[in-house]
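Worksheet: one structure, shown below.
The values are calculated or read from the model by the stated rules, or taken from the named source; none is laboratory data. Bear in mind that the values here come from a model prediction, so they are computed numbers and not experimental data. All Cβ positions, glycine included, derive from the backbone under ideal geometry; neighbour counts span all protein chains shown. Heavy atoms of the whole protein, side chains included, go into the accessibility calculation; ligands, DNA and RNA do not. Shrake-Rupley method; radii C 1.70, N 1.55, O 1.52, S 1.80 Å.
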Amino acid sequence: MAFRAVNSCSVFCSASSPPLSAFRCCHFNPRNLQFRWSSKLNCRSPVLWHKHRVSRSGGGRFYSLYSIVESVVEELEFLRRRKKVSATAKMGMVGMSSDDGTEDKLMNRTLEKGLLLEFKKDSERVLLAVAQRPDGKKNWMVFDQNGVTSSIKPQQVTYIVPGVQNFEQTEIAGFIKKAEDNLDPSLLEFAWLELLEQNKAVTTEELAEMIFGSTEPLDSYCAHLLLSRDELYFTVLQTKGSRSFYGPRPTDQVEELQRKKLAKEAAEKELQEFVELLKSAKAMPSKSKPPKSSWAAEEKTRHKIESLESYAIDACKDDEQRKTAGMILKAMGLVRTTSAAVNLLIDIGYFPRHVNLDLQKFNIRTYHSDEIIAAAESLLLGASDPDEVDRKNLTHLKVYAIDVDEADELDDALSATRLPDGRIKIWIHVADPARFVQPGSIVDREAMERGTSIFLPTATYPMFPEKLAMDGMSLKQGEICNAVTVSVVLHSDGSIAEYSVENSIIKPTYMLTYESASELLSLNLEEEAELKVLSEAATLRLAWRRQQGAIDMPSLETRIKVANPEDLDPEINLYVENQANPAMRLVSEMMILCGEVIATFGSRNNIPLPYRGQPQTNIDVSAFAHLPEGPVRSSAIVRTMRAAEIDFSKPIRHGILGISGYVQFTSPIRRYLDLVAHYQVKAFLRGDSPPYSHGQLEGIASTVNINTKLAKRLSSLSHRYWVLEYLRRQPKENRYRALILRFIKDRIAALLLVEVGLQASAWVSLGAEIGDEVQVRVVDAHPRDDVLSLKEIIQ
């Protein structure tokens, strides 16, 4: 057999020539004629080793020397022939020749005691072992390199080392070390070139003869290792049991694999560099961690951090992102889960500890673009008021604006008086954002895509740019404000006697929180008689609605505000309010009254509006009379209610509210469909046609409702997270009052934690019934995993 290699002389090797491994003094790259020298043979002048005719005399060998010029000429000739071989090889390996019959060479060896074999332990591990004894009909017991005895199936055997009998188990480790020390993958390239030129395939033992000059057990096993680990030069043509037949790959295929290998190595190096960055950032103190922006400074880093972030929020754009994130987590020694990715991003300072992942999952807009802000500011500076001449001056009225204390913008306010005939007249003033924004404008389209302002414990994301909402649209204490005012005169039973809807200007007198309004009501001050009249009107309205079948369902409402949410331990302020609170009841009744008036006004004037209703559910409220009034009864009733409906051409009855029609109208700065109702009503007041038909309204509502549902879910999830975080921080010995709302299964009950307004579940003792109050303590609270574990305190 002749070989092509590189050395300090030209040598021809016959079958009895030294093996290729004996001439490993340097390597030659035929593409650029570069040499890598070794000191083993003290090479001084580069001369190539080529195949020539041999003259033998008494078994001796003849070696001829060439100058480097002649060698290069022959090397170029070889490259020409190699290209020819390559062109042939591209057609595949059909017809690959061998000296002996393939079937004869693939004769499989039968397992015997003492044989040295290689077997596949699992998908990632291949072990060397000694066969011990049969285990059943087909399996064999083997003793592996790790000192473990196990039973294997014949199909697990990947190679039987030839020429070995009665191999000692204690010698496995030494055999493996010798094999690893003897491996030189570069030898495969030379064998590949020769076999490709001859269009020839080989067995493992034949390759051992070629590169080591021997088929001894160690050499054969080394050849097997080289072939089994090779991903470039050879491919398996045929396999029978543990023996395989290998053929050289075509040149173009090898070159492509080399390109992929280099790319893979570069990617692995890049990944390792990124992992080192992660480890470094993770080890830094909290205040010294790199800013989020620094991870986007380089494209390769940005790509990986974005993949990890997308994986964390379960929003990978493609399989490539998912694969990249998985490799990063594996390289960091972490499990491939979203929670592991989240925690890693928190540990490196990319995410704050209490990051709201749902903001990103739901793709919520948390800011307004420069274009929208510029358009909003131009409206503040130059927008004309199309209703200026028709506005009714109501600045003489005492106006109460009542809302939560953290409200950023105020949509509505109230006035009231008692008429000479004893009836009550109410004015419901609603902010007039349509004075600035026109349907179809850029600011309007942005508001429609948002659908609603989003109120979270940590932040507010307004539907309109903040400056436009606060400086232009919002009602402000002591300032002249544009409004749309709904005035209503009530009959003595609380029903509507007369009403009007008109553009107005008002001057809000008081900006009250629910707490301060309730306090004023309890003081019963003469100078605040108007507030008392409003409270009386609310009482009349509630009584009248109940007579019409309304179902009153007061419950607890939790408000939670978090200061500096990006701090490690931000301040949490939690308030629980009873919706039966007099001030909350007052505002709620006036908003319902306004909605009823607008529905009646729209119906009489054929105005397309988003008319809301809830079909009568034939709820027999008396069936729930045995339950305590408040959250327990309300929870039971809600479970029997039917879904709400919406119509855009005519009012539909709202059975729960006990009114014939209802249109949300009082929050046009916060809710887009309220703004649409303003567009429609104000167009009618001007004598214009409404900008939208009922069909167009339906299309708008379908878009808006999707975003509104997302906003509600986001708000609910964020609210629950921070309540759990609040509970997690409390002393473990704290006790909490819990109302039993219902039983879920056996003694597992749905509970309402009164102090925090949160629903949860826990096992309760025998004897406790729906409506009873028990005491519980928090065993565990994990906000990130939405886990709350409670245990009843047995008295």
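Summary of computed values
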| read-out | value |
| --- | --- |
| Where the chain is the region considered: accessible area per residue in Å², 1.4 Å probe | 50 |
| Listed residues ALA341, SER765, TYR233: farthest to the positive end of the dipole of the chain (Cβ charges) | TYR233 |
| Taking the convex hull of Cα positions in the chain, its mean projected area over all directions (nm²) | 53.8 |
| For LEU456, distant residues with modelled amide H under 5 Å away | TYR461 |
| Cα gyration tensor category, rounded, prolate or oblate, for the stretch 100-190 with a/c compared to 1.5 | oblate |
| Highest average packing first - 185-197, 119-131, 674-686, Cβ atoms within 10 Å | 674-686, 185-197, 119-131 |
| Gain on full stretching of the segment that runs from GLU769 to ASN146 - 0.36 nm per residue minus C-alpha separation | 218.0 nm |
| Table column - 3J(HN,Hα) (Hz), the stretch 114-128, Karplus curve with 6.51, -1.76, 1.60, x for Gly and Pro | x, 6, 9, 9, 10, 9, 8, 6, 7, 5, 10, 10, 10, 10, 9 |
| Label-point gap, in nm, between LEU257 and THR239 - each point 7 angstrom along Cα→Cβ | 1.5 |
| Between the stretch 722-776 and the stretch 619-688, the alpha-carbon center distance in angstrom | 31 |
| Rough spin-label spacing in nm, given labels placed 7 Å along Cα→Cβ, for GLU519 and LYS178 | 9.4 |
| Centre separation in Å (Cα based) which lies between the stretch 367-396 and the stretch 196-230 | 85 |
| Length gained when the stretch ALA643-LYS745 is fully extended (0.36 nm per residue, less Cα-Cα span) | 34.2 nm |
| Full-stretch length increase - ARG604, ASP370 - with 0.36 nm per residue and alpha-carbon distance subtracted | 80.0 nm |
| Cα gyration tensor, the stretch 232-387 - rounded (a/c under 1.5), prolate or oblate | prolate |
| Cα centre as origin, Lys/Arg/Asp/Glu Cβ charges: the chain dipole, Debye | 2980 |
| Protein accessible area in the stretch 115-252, 1.4 Å probe - carbon and sulfur % | 46 |
| Geometric extent, Cα atoms of the stretch 482-584 - Rg, Dmax (angstrom) | 18.3, 57 |
| Shape of the stretch 651-709, Cα gyration tensor, a/c cut at 1.5 | oblate |
| Size of the stretch 260-351 as Cα extents on the principal axes (Å, biggest first) | 41, 25, 24 |
| Charge context of TYR499, other residues only, Cβ under 11 angstrom, K/R +1, D/E -1 | -1 |
| Share of carbon and sulfur in the accessible heavy-atom surface of the stretch 370-718 [1.4 Å probe, %] | 48 |
| Computed log₁₀ I(q)/I(0) - Debye formula, equal Cα scatterers, no solvent, the stretch 730-792, q 0.20 Å⁻¹ | -0.72 |
| Positive dipole terminus of the chain, leading residue within GLN477, TYR350, ILE656 (C-beta point charges) | TYR350 |
| Greater than 24 Å apart at Cα, pairs in LYS300/LYS330; LYS398/LYS561; LYS682/LYS709; LYS476/LYS712; LYS561/LYS712 | LYS398/LYS561; LYS682/LYS709; LYS476/LYS712 |
| Net charge contributed by nearby residues that have their C-beta within less than 10 Å of ALA517 (K/R +1, D/E -1) | -4 |
| Relative contact order (%) - the chain, alpha-carbon pairs under 8 angstrom, separation at least six | 8 |
| For the stretch 312-363, convex hull volume per residue from C-alpha positions, Å³ | 73 |
| Kyte-Doolittle at least 0.5, axis length at least 24 Å by Cα - qualifying DSSP helices, the chain | 582-604 |
